[in-house]
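First the structure, in the form of structure tokens, and then the observations on it.
Bear in mind these aren't lab numbers, they're just calculated from the coordinates by the rules spelled out. Every value quoted in this text rests on a predicted model; they were computed, and no experiment measured them. Virtual Cβ from ideal backbone geometry, glycine too; neighbours counted across all protein chains shown.
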Amino acid sequence: MRASTLLPAGLLLASLISGTGAAWGQTITVDKPSCMPAEDNGLVHATATGVAPGLIPRLYFRWMEHEDFYWVALEAEPGGHFWATPPKPERRNDHIEYYSALVDPTGKVVARSPMTTVPVTADCKAQLDSKQRGVAENLTVGETSPKQQGKKVLAFLCDGVVTRVNYAGLRRADEVCRACVVAWWQRKAVILPTIAATGVTTIISNRPEPEPSPSRP
């Protein structure tokens, strides 16, 4: 009798340690696209069951075998379906590895899918609808390690990355990518009307105008 009661308890403990969530009926799986586009947004789909109130679906991703994972939110669709679009991979990023997970409000993983690896290719195309494109252009990227704070998302472009969430769950504007945008706007240019075949193009600058000549009326 004692052995029969210990066995289920052991199986329950193993399930909790593994983080699968199967003991509570919570599962999540992730699809594997054939490729992810270089320097553009890809699309990943996931399916989850038993998503209790308070659980948060996420897609964890990184440049394959390079340092720590980042995450983006999995957007919900009817019927337990979800999708996410990671940031745009740099050209040096030839493979992305990722998994989906359900986490509680403290960030603890309750259920997760197996790891998936997808190649990044220049000729890969992903069809994003208007809602998905809107999310891709205003991404919130989460961090899983304190050393990720203050650095750009490793091997992914800044384009579309607006907000970051640090290891402690604190949200902030992406200071690295935002600084690049500000620097671009602050570049100085010479004001010169350029006459082209199609008309006149004006280059705007913050250089001050010269003082008028005293000899002019």
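Please compute the length gained on full extension between E137 and R172, using 0.36 nm multiplied by the number of residues separating them and subtracting their Cα-Cα distance.
Full-extension gain reported as 10.9 nm.
Mind ranking 153-159, 78-84, 111-117 by how tightly packed they are, going by the mean number of other C-beta atoms within 10 angstrom, highest first?
Final packing ranking: 153-159, 111-117, 78-84.
Shape call for region 32-93 from the C-alpha gyration tensor, a ≥ b ≥ c root eigenvalues: rounded (a/c under 1.5), prolate (a/b greater than b/c) or oblate?
Judged from the Cα gyration tensor, region 32-93 comes out prolate (a/c at least 1.5, a/b above b/c).
In what order do T144, T106 fall by count of nearby beta-carbon atoms within 10 Å, going from fewest to most?
The most exposed by this proxy come first: T106, T144.
Want the number for D104 to D159: 0.36 nm per residue separation, take away the alpha-carbon distance, what's left?
Full extension from D104 to D159 adds 16.9 nm.
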